[in-house]
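The values are calculated or read from the model by the stated rules, or taken from the named source; none is laboratory data. Predicted model only: the values in this text are computed from it and were never measured. Heads up, the Cβs are rebuilt from the backbone with ideal geometry, glycines too, and the neighbour counts pull from every protein chain shown. For accessibility, only protein heavy atoms count, side chains too; no ligands or nucleic acids. Shrake-Rupley method; radii C 1.70, N 1.55, O 1.52, S 1.80 Å.
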Amino acid sequence: MLAVSLTAEAELRELEPWRAEEFLAHLDRAREHIAPWVPASFVASDLEQARQVLQRYADLRARDGGGIWGIWLGGVLVGGVMFASFDAARGVCEVGCWLEPGAQGRGLITRAVERVVGWAVGERGIARVEWRTLPANARSIAVAKRLGMRLDGVLRQAVPGAGGGPRADIELWSLLAEEWQARTTEPRTTEPRTTLTPEAGRDKGEIDELTAAFYRLFGNAGGRVPDLAAIHDLFVPGGVIVQGGPRQALHDLEAFIRPRQALLTSGELTDFTEAETEEHTVIFGDVAQRLGRYTKRGVRDGVPFTGAGTKSMQFLKTPQGWRIAAMSWTDDPEQAGLSAAERPAG
């Protein structure tokens, strides 16, 4: 099978059943990270189950009803994309993706999905591409937005909850063929952001994924146990976080995460999620700045709450890729009276 290049180090190839052992090793690295967001049947726990997962997609491919492709980074399988369904007669398909934590922040998922969507629309005449995701999956939603998808609506209680919990909603996003074609053919000079060159586009994708990774760090919905120490992988050494509003304070990373780790794992704050809702990013060479709005929600001492605010993030391009150099945030006025402990993520 010929490989499709995604970056100088990454490529996309069909993920066939004979690769079950490699697929299982990858799942063992990714299991905890992807389990909250993908069907339980996908996260195989032994070699036979891994083979069955890949065979299921191979059978779909043989019937022209789906398919699965892996992403290899430096020769190691790190994630992939799939057509969960594919109906050329109706002109509709559903695309999905997954990625292990060590491969995040490189724009691999966006590039991989662009490849398969381009083929589906350009070669097979697909008129509508669908994307389904849990509302709390900020990274998935960020990819949908980067692809130019629109939110059609929410399918209420559409899937069983993780670990036997309450049934969960599903957001349905879509992209039409004419929207895809306009996205891929319109002159780059008409775009308001710094995506004027392929290199700038890759930089923007990495920054988008890095931002989504920061927001996801603090989520504990569905019983997830966050590990805020991973924040060090997102920031440059010596990175700082500044709290705005009436109680301004400057934190190093350890001072920032210590009380939030305790709050998010003590049971006092549960079902917490935070997600970016809009942003504007400016990239100049090896530095970038992003101004964004976010919303958050959770349950504190048994009482549901919601909030919103603004984040300003500064980025630096390092030999290891883009990293956050500094971040400042302020909650909207109605949230400003809360203590720092009551604002675990921003």
Of the residues in the stretch 1-36, those that are surrounded by 14 or more Cβ atoms within 10 Å (Cβ to Cβ), farther than 16 Å from Gly96 by Cα and β-branched (Val, Ile, Thr) number 1
Going through the stretch 291-303 in order, the residues found to be more than 16 Å from Arg216 (Cα to Cα) and either under 20 Å from the mean Cα position of the chain (by Cα) or without any contact (Cβ under 8 Å) to a residue 24 or more places away in the chain (or both) are Leu291, Gly302, Val303
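Yes/no per residue for (1) under 25 Å from the mean Cα position of the chain (by Cα); (2) more than 25 Å from Pro135 (Cβ to Cβ):
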| position | (1), (2) |
| --- | --- |
| Leu15 | yes, yes |
| Leu24 | yes, yes |
| Ser41 | yes, no |
| Asp46 | no, yes |
| Gly66 | yes, no |
For the stretch 56-75, pairs from a residue that is without any contact (Cβ under 8 Å) to a residue 40 or more places away in the chain to a residue that is assigned to a helix (DSSP H, G or I) and open to solvent by 20 Å² or more (accessible area, probe 1.4 Å), with Cβ under 7 Å and 6 or more apart or across chains, are Gly66/Tyr57; Gly66/Leu60
Practice problem: Consider Gly298 carefully, then state whether it is surrounded by 15 or more Cβ atoms within 10 Å (Cβ to Cβ) and touching a helix residue (DSSP H, G or I) at 6+ places or on another chain (Cβ under 7 Å). | Solution: no
Sole miss for Gly91 among (1) under 27 Å from Glu276 (Cα atoms); (2) out of contact with any Cys (no Cβ under 8 Å at 6 or more places or on another chain); (3) at pLDDT 95 or above; (4) open to solvent by less than 30 Å² (accessible area, probe 1.4 Å) is condition (1)
Of (1) closer than 20 Å to Asp233 by Cβ; (2) surrounded by 12 or more Cβ atoms within 10 Å (Cβ to Cβ), Ala308 satisfies every one except (1)
Restricting the stretch 317-340 to residues that are part of a helix (DSSP H, G or I) and in contact with a Lys or Arg (Cβ under 8 Å, 6 or more places away or on another chain), the one modelled with the highest pLDDT turns out to be Gln335
Just one listed residue, out of Gly75, Gly80, Gly65, is surrounded by fewer than 18 Cβ atoms within 10 Å (Cβ to Cβ) and closer than 17 Å to Ala103 by Cβ, and it is Gly75
In the stretch 242-259, anything in contact with a Ser or Thr (Cβ under 7 Å, 6 or more places away or on another chain) and either β-branched (Val, Ile, Thr) or surrounded by fewer than 12 Cβ atoms within 10 Å (Cβ to Cβ) (or both) is listed as Val242
For the stretch 104-154, the count of residues that are within 30 Å of Pro319 (Cα to Cα) and either open to solvent by 50 Å² or more (accessible area, probe 1.4 Å) or without any contact (Cβ under 8 Å) to a residue 40 or more places away in the chain (or both) equals 8
Note on the stretch 273-291: residues of a type in the set (Gly, Ala, Ser) and at pLDDT 90 or above are Ala288
